[in-house]
1. Here is a list: A62, A31, A84, A93. Which entry is of a type in the set (G, A, S) and over 29 Å from the mean Cα position of the chain (by Cα)?
2. Are any of the residues in the stretch 94-101 among the hydrophobic types (A, V, I, L, M, F, W, C) and either at pLDDT 75 or above or not in a helix (DSSP H, G or I) (or both)?
3. Residues in the stretch 37-82 that are in contact with a Gly (Cβ under 7 Å, 6 or more places away or on another chain), of a type outside the set (V, I, T) and closer than 30 Å to V25 by Cβ: how many?
4. Anything in the stretch 1-55 that is surrounded by 16 or more Cβ atoms within 10 Å (Cβ to Cβ) and aliphatic (A, V, I, L, M)? List them, or say none.
5. Just the residues that are hydrophobic (A, V, I, L, M, F, W, C) and more than 13 Å from T34 (Cα to Cα), please, taken from the stretch 69-86.
6. Just checking, how many residues over the stretch 48-57 are modelled with pLDDT under 90 and touching a helix residue (DSSP H, G or I) at 6+ places or on another chain (Cβ under 7 Å)?
7. Looking at D39, D4, which is the one that is under 30 Å from R79 (Cα atoms), free of Cβ contacts under 8 Å to residues at least 40 places away in the same chain and either outside any strand (DSSP E or B) or touching a Ser or Thr at 6+ places or on another chain (Cβ under 6 Å) (or both)?
8. Being closer than 26 Å to V105 by Cα and in a helix (DSSP H, G or I): is that true of R78 here?
Amino acid sequence: MDPDQWLKDVETRLSDLRQKSEVLVENLATATATATSGDGAVTVTIAPSGALQNLELTQRAAGMSPGKLTASIMEAVRRGQRAASAKMAEAFAPLGGGTESMDLVRSFLPPAEDEGEEENEERDLKAVDALDEEPAPPRPSYPPRPPAPPHPPAYQQFVPPPPAQSPPPARPARGQADFEEDENHPW
């Protein structure tokens, strides 16, 4: 093989990869997805990473029970995550199409709406039933707190302690010290 032709082929491949990677970066940045629940009560926006970016509740949500609202939110989030994942796979396809990397990306995609929907609906219905049927636990009733004691003044006048019953015994007088002793022990 001619070294010049080989170098041209490598440069062409590198140029193609640069172009595909630029497209990939652009597509990944815009791979957000917006989805609405089947009842129209909830709309969510999901980031390319699958994180919830926005949650909007419509007027329909105002009259829903907590359990049904929870089910609507979860339905919208699952739809949004599936759509965002599909956009991520589409964005990666030009660069990794037909490779093991693409197969790995596809293996992490959530199941299609009809594949896992029965399990999700069953789980949501159980959650709705649990939330709708269980009344909130009663709050314990506590007696009112007594008022707090008044704060002490900002300063207090010093009051000396009362005198002791009897004064402490006086120290016995010390005899005249020896001159040598004072030199050896000046303190």
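1. On the way: A62 fails: over 29 Å from the mean Cα position of the chain (by Cα); A31 fails: over 29 Å from the mean Cα position of the chain (by Cα); A84 fails: over 29 Å from the mean Cα position of the chain (by Cα).
The conditions single out A93.
2. If we filter the stretch 94-101 for residues that are among the hydrophobic types (A, V, I, L, M, F, W, C), which is where we start, we get 95.
After this cut, where a residue has to be either at pLDDT 75 or above or not in a helix (DSSP H, G or I) (or both) as well, the list is none.
No, the stretch 94-101 has no match at all.
3. Number satisfying all stated conditions: 1.
4. Those that are surrounded by 16 or more Cβ atoms within 10 Å (Cβ to Cβ) and aliphatic (A, V, I, L, M): L24, A31, A33, A35, A41, V42, V44, I46.
5. Initial filter on the stretch 69-86 (hydrophobic (A, V, I, L, M, F, W, C)): 69, 71, 73-74, 76-77, 83-84, 86.
Within the stretch 69-86, L69, A71, M74 qualify.
6. The number of residues fulfilling the criteria is 2.
7. From the options D39, D4, the qualifying one is D39.
8. On the way: closer than 26 Å to V105 by Cα: yes; in a helix (DSSP H, G or I): yes.
So R78 passes the test.
The values are calculated or read from the model by the stated rules, or taken from the named source; none is laboratory data. Because the structure is a prediction, the values reported are computed rather than measured. Note: ideal-geometry Cβ built from the backbone for every residue, glycine included; neighbour counts use all protein chains shown.
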